[in-house]
Structure formats: C-alpha cells, structure tokens
1. Please verify whether region 213-225 includes one or more residues that are at pLDDT 95 or above, surrounded by 13 or more Cβ atoms within 10 Å (Cβ to Cβ) and closer than 19 Å to GLU136 by Cβ.
2. Would you point out which residue out of VAL95, VAL48, VAL69, VAL22 is touching a strand residue (DSSP E or B) at 6+ places or on another chain (Cβ under 8 Å) and under 24 Å from THR216 (Cα atoms)?
3. Please tell me if THR157 is surrounded by fewer than 21 Cβ atoms within 10 Å (Cβ to Cβ), more than 18 Å from ARG228 (Cβ to Cβ), of a type in the set (Val, Ile, Thr) and in contact (Cβ under 8 Å) with a residue 24 or more places away in the chain.
4. Evaluate the following for ARG139: is it outside any loop (DSSP other than H, G, I, E, B) and touching a Lys or Arg at 6+ places or on another chain (Cβ under 7 Å)?
5. On the basis of being over 24 Å from GLN208 (Cβ atoms), more than 20 Å from the chain's Cα centre (by Cα) and β-branched (Val, Ile, Thr), does ILE76 make the cut?
6. Free of Cβ contacts under 8 Å to residues at least 12 places away in the same chain and either of a type in the set (Lys, Arg) or outside any strand (DSSP E or B) (or both): is that true of PRO72 in this structure?
7. State all residues of region 48-69 that are outside any loop (DSSP other than H, G, I, E, B) and among the β-branched types (Val, Ile, Thr); if no residue qualifies, say none.
8. Of everything in region 23-47 that's out of contact with any helix residue (DSSP H, G or I) (no Cβ under 8 Å at 6 or more places or on another chain) and outside any helix (DSSP H, G or I), which residue is surrounded by the most Cβ atoms within 10 Å (Cβ to Cβ)?
Amino acid sequence: MPGAVRRCLVRLLDMAAPIGVVERALDVGCGAGRSAFTLAERHPRALVLGIDTNLGLLRLAQGAAHGTVSYPRRRIGLVYDRRRFPVSLIGSERVDFWACDALALPFAAASADLVAALNLLDCVAEPRRLLAGLAEVLRRDGRLLLATPYDWSTRATPVETWIGGHSQRAAHRGAAEPFLRSLLTAGEHPQSVPGLRLLEEMHAWPWQTRLHERSTVSYRSHLLALARSEG
C-alpha cells in the first residue's frame, strides 16, 4: 500500500542508528526507487545508487528522479489505468539507478557506508551469496538493512538454497529466522557470512502490496539492522 516501502526503511534506519555520516549508499533491489529517494532524504550528503534488474521499474524510478511519475496501474484482469503526476523528491539530484545483478555487484570492497536490501533475499537464486556480496561492499562499521518475508518460490530460488521453509530435521526445524541468524553469526554455520554483527531485529513488520483494485497481499517481514564488524 502507499508508503509501505518508506515506512519499512525509516524503521530500519532508526534501528541502525547511530550510523554517522553516510556519503555512499546502495539500494539493492530498489524497484521503483522509493527506498533510494528515502535514503537520499535521510542522508543529505549521500550519493545513492539504486540497482535492480527490472527495466520497467528502473525507468519509472528515473522518471521520478526527473520530476514525473508515470506508470500503468492494474485495475483488474488485463485492464490498466495510466497514472501520471509530478513529484518533487528531496535529494533526487544525488540519486542514480543502474540495471545490475544483485549477485554480481560491480563495486569495490568497502566502498559503501550503507546498504539496503528490502524484500530481496527471497527473490534471488542464492540468498547466502547475496548476503556475502552485500557484506563485502560495506566499509568497516557500515550498516546493512534487510527486510524479508521469506516468501520462497522455486521460480526464483531453488529449494536447496532457501533460508528455512523446507527441512524440519535441522536444529531450526524449518524456521527461517534462527537459520538466518546462524548465517549471520561467525562460526554458527558452515556457510556463515563473516564480518556482520546484528544490531537489532523485528520479527513481523507489516508490509502490504497492491495487486489490483480488489486484491492486496499482506506480509510480515523480518527486519534486521546489521553492522560490518571487520574488513
């Protein structure tokens, strides 16, 4: 629903505070850009780069950066209404968007002060590889902001790489949250991602997204604010 992305990111930024001066921020899986613009608004010295593989959403985001939002909104079935309106977004001159694979980030190690990845973890083929890549681009004591509803689908992610949601024989008994925590804690799992420290988490942040005028999907996203603790 309107404002869901912004509300989620603002809550994560509050969880990650104090963060210090942010000069370079990365929004991975930025979609239509709302989260990237929020990062620019909250951090007035930051250059913000949003990346995604959806070219249609990236065009929408670029249009918003230049002052106009224009997109077809689904009414029902195959019926769409064209929406077009002007916007004025604080800090939009410091925001850019690239088409880029989140699993192959073309950035140097320790090159970002802040990285956000909202509802992306369950949309990539290798979630653990995503976490490792996000950790690598963070500078020491930089912040990583994650949100995920663990809405796994084999169309996006092979079952064997899911974080929870399958085997009940493991110690976590199929639950996603303890499995993810073990991946983010050095030494707790054979594939744990080194160098990240959990600052705060929330288990059931409400997130709604509109499908059409008669349908809305409601998620309860797991929010995690992390700090880069080494490197």
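The values are calculated or read from the model by the stated rules, or taken from the named source; none is laboratory data. Small disclaimer: the values here were computed from a predicted structure and weren't measured. For neighbour counting, all protein chains shown are included, and Cβ atoms are generated from backbone atoms with ideal geometry for every residue, glycine included.
1. Within region 213-225, one or more residues are at pLDDT 95 or above, surrounded by 13 or more Cβ atoms within 10 Å (Cβ to Cβ) and closer than 19 Å to GLU136 by Cβ.
2. Just one listed residue meets the conditions, VAL69.
3. Yes: the conditions hold for THR157.
4. Numbers: outside any loop (DSSP other than H, G, I, E, B): yes; touching a Lys or Arg at 6+ places or on another chain (Cβ under 7 Å): yes.
Answer is yes for this residue.
5. no
6. So PRO72 fails the test.
7. Passing the criteria: VAL48, ILE51, THR68, VAL69.
8. Restricting attention to region 23-47, the residues satisfying the condition of being out of contact with any helix residue (DSSP H, G or I) (no Cβ under 8 Å at 6 or more places or on another chain) are 23-24, 41, 43-45.
Still in the running and outside any helix (DSSP H, G or I): 23-24, 43-45.
Details: GLU23: 13, ARG24: 19, HIS43: 22, PRO44: 11, ARG45: 13.
Here the answer is HIS43.
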